[in-house]
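Some notes on the structure that comes next.
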Amino acid sequence: MTAKLLDGKQIAAEIREEVAHEVKKTALELGRPFSPCLVAVLVGEDPASQVYVRNKQRACEKAGIEGRTVRLPAESTQADLMKVVQELNEDATVNGILVQLPLPKQGNGGAGFDEREVLDAIDPLKDVDAFSPINVGLLMQGRPRFLPCTPHGIVQLLHRCDISVAGKHVVVVGRSDIVGKPMAMMLAGRDGSCGREVANATVTIAHSRTEDLKSVCRSADCLIAAVGVAEMIKGDMIKPGAIVIDVGINRVDGKLVGDVAFEEAKQVAAAITPVPGGVGPLTIAMLLHNTLLAARLQMA
Ligand code: NAP
């Protein structure tokens, strides 16, 4: 069997087009210029973070969203960063705020930043990454406001590829607040953002203490790997005919690879996301979606 490739890049382009269309349509409805504004806060000079922020800014521009970046030196203090977040919260021209993670370890006088305090300080109505306790709580209660971008991108991908997980066994490997946990919640819920077929799954969350990970993974109709360990999911950990979603982004000898051993996996799975070109582009597309949503919520 050779797995079908799930083209996240193509689907992300469709979603970005839809956002651009909605931005234009809203301007027409309002009868005045309308350009939602997303501000990225970038602390320090980390090259990967700079690339991510630049890519987000470019994607914003193409969708008719204003993308701004506030840059702070790596040696800024927690108070400096909190002040920037507070100012952005109070600035009515700003609709979405994202603080690019990870924050530099050497910051705040060498003590490192309190990431949680910074994320908690973002106005929940501008929290386009959906990291604030309010937005996480709303998701847990099945009445989400913003959905976290990476898991929401995966839901969109499954929906637009006509893949149903309702009643199926989904195994999510990884339990981070950013990917694993919200992914599990979204697929186990009753009403998904893309309808009931991309929800209502029987979900298992696996992690570094899971015993016999191979058997757990092999029992999955849909396996979602969000681990951050290059190619750790081998072909023999995949049930023949399963759907495999690879969230991992790992750099090995200058090359990007996922958490799944792609060449082995594609011989076993029915469908699989590539790395790059799978989940990554969807994350940015859903960030644009959330920025538009934020601008609309703030108008209401
Ligand atoms: P994270 O916060 O480091 O969490 C990793 C999770 O994997 C943890 O729950 C950890 O378990 C688990 N884990 C680690 N080693 C394991 C092992 N050997 N067996 C089973 N579970 C193991 O990472 P993350 O932020 O969720 O990111 C995961 C990956 O996705 C990274 O490669 C990241 O770069 C990528 N990512 C991609 C996108 C995208 O847009 N495509 C977005 C976000 C993240 P414990 O909890 O027990 O430690």
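Read-outs: derived from the displayed coordinates by stated rules, not from any lab. Bear in mind the structure is a predicted one, so any value in this text is a computation, not a measurement. No Cβ is skipped: glycine too gets one built from the backbone with ideal geometry, and neighbour counts run over all protein chains shown.
For Leu103, only one of the following conditions fails: (1) away from the ligand (no atom under 16 Å from the Cβ); (2) crowded, with 22+ Cβ neighbours inside 10 Å; (3) more than 27 Å from Ser193 (Cβ to Cβ). What is its number?
Against the list (1) away from the ligand (no atom under 16 Å from the Cβ); (2) crowded, with 22+ Cβ neighbours inside 10 Å; (3) more than 27 Å from Ser193 (Cβ to Cβ), Leu103 comes up short only on (1).
Which residue pairs have Cβ atoms closer than 7 Å, lie 6 or more positions apart in sequence or on different chains, and pair a first residue in the stretch 215-227 that is free of Cβ contacts under 8 Å to residues at least 40 places away in the same chain with a second residue that is more than 9 Å from the ligand (Cβ to nearest atom) and in a loop (DSSP other than H, G, I, E, B)?
Once the first residue is free of Cβ contacts under 8 Å to residues at least 40 places away in the same chain and sits in the stretch 215-227, its partners that are more than 9 Å from the ligand (Cβ to nearest atom) and in a loop (DSSP other than H, G, I, E, B) give Arg218/Ile238; Arg218/Lys239.
Give the residues of the stretch 239-256 that are aliphatic (A, V, I, L, M), within 15 Å of the ligand (Cβ to nearest atom) and not in a strand (DSSP E or B), sorted by residue number. Walk me through how you get there before you give the answer.
Taking the stretch 239-256 first, the residues aliphatic (A, V, I, L, M) are 242-245, 247, 249, 252, 256.
After this cut, where a residue has to be within 15 Å of the ligand (Cβ to nearest atom) as well, the list is 244-245, 247, 249, 252, 256.
Once the filter is applied, which keeps residues that are aliphatic (A, V, I, L, M), within 15 Å of the ligand (Cβ to nearest atom) and not in a strand (DSSP E or B), the stretch 239-256 yields Val247, Ile249.
In this structure, is Gly277 surrounded by fewer than 23 Cβ atoms within 10 Å (Cβ to Cβ), within 16 Å of the ligand (Cβ to nearest atom) and at positive phi? Spell out the reasoning first.
Details: surrounded by fewer than 23 Cβ atoms within 10 Å (Cβ to Cβ): yes; within 16 Å of the ligand (Cβ to nearest atom): yes; at positive phi: yes.
Against the criterion (surrounded by fewer than 23 Cβ atoms within 10 Å (Cβ to Cβ), within 16 Å of the ligand (Cβ to nearest atom) and at positive phi), Gly277 qualifies.
Within the stretch 103-133, which residues are part of a loop (DSSP other than H, G, I, E, B) and of a type in the set (A, V, I, L, M)?
Of the residues in the stretch 103-133, the ones part of a loop (DSSP other than H, G, I, E, B) are 103-114, 122-123, 128-132.
Selection gives Leu103, Ala111, Ile122, Val128, Ala130.
Tell me whether the stretch 244-264 contains one or more residues that are in contact (Cβ under 8 Å) with a residue 40 or more places away in the chain, surrounded by fewer than 16 Cβ atoms within 10 Å (Cβ to Cβ) and touching a helix residue (DSSP H, G or I) at 6+ places or on another chain (Cβ under 7 Å).
Initially, the stretch 244-264 is screened for residues in contact (Cβ under 8 Å) with a residue 40 or more places away in the chain, giving 244-245, 247, 259.
Checking the rest, the ones that are also surrounded by fewer than 16 Cβ atoms within 10 Å (Cβ to Cβ) come to none.
No, the conditions are met nowhere in the stretch 244-264.
Sort out which residues of the stretch 173-187 are closer than 16 Å to Asn135 by Cα and assigned to a loop (DSSP other than H, G, I, E, B), and write them in order of number.
Once the filter is applied, which keeps residues that are closer than 16 Å to Asn135 by Cα and assigned to a loop (DSSP other than H, G, I, E, B), the stretch 173-187 yields Ser176, Asp177, Ile178, Val179.
Residue by residue, here is whether (1) under 19 Å from the mean Cα position of the chain (by Cα); (2) farther than 27 Å from Val23 by Cα holds:
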site	(1), (2)
Val39	yes, no
Leu42	yes, no
Asp46	no, yes
Val53	yes, no
Arg58	yes, no
Gly64	no, no
Arg68	no, no
Gln78	no, yes
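Quick grid of which residues meet (1) more than 16 Å from the ligand (Cβ to nearest atom); (2) of a type in the set (A, V, I, L, M, F, W, C); (3) surrounded by fewer than 18 Cβ atoms within 10 Å (Cβ to Cβ); (4) outside any helix (DSSP H, G or I):
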site	(1), (2), (3), (4)
Leu138	yes, yes, yes, no
Pro144	yes, no, no, yes
Pro151	no, no, no, no
Ile154	no, yes, no, no
Ala166	yes, yes, yes, yes
Val171	no, yes, no, yes
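Can you pull out the residues in the stretch 194-238 that are within 16 Å of the ligand (Cβ to nearest atom), charged (D, E, K, R) and either within 13 Å of Ala269 (Cα to Cα) or assigned to a loop (DSSP other than H, G, I, E, B) (or both)?
Going through the stretch 194-238, the residues within 16 Å of the ligand (Cβ to nearest atom) turn out to be 203-220, 223-234, 236-238.
If we keep only those that are charged (D, E, K, R) as well, we get 209, 211-212, 214, 218, 231, 234, 236.
If the condition is that a residue be within 16 Å of the ligand (Cβ to nearest atom), charged (D, E, K, R) and either within 13 Å of Ala269 (Cα to Cα) or assigned to a loop (DSSP other than H, G, I, E, B) (or both), then Arg209, Glu211, Asp212, Arg218, Glu231, Lys234, Asp236 are the ones that fit.
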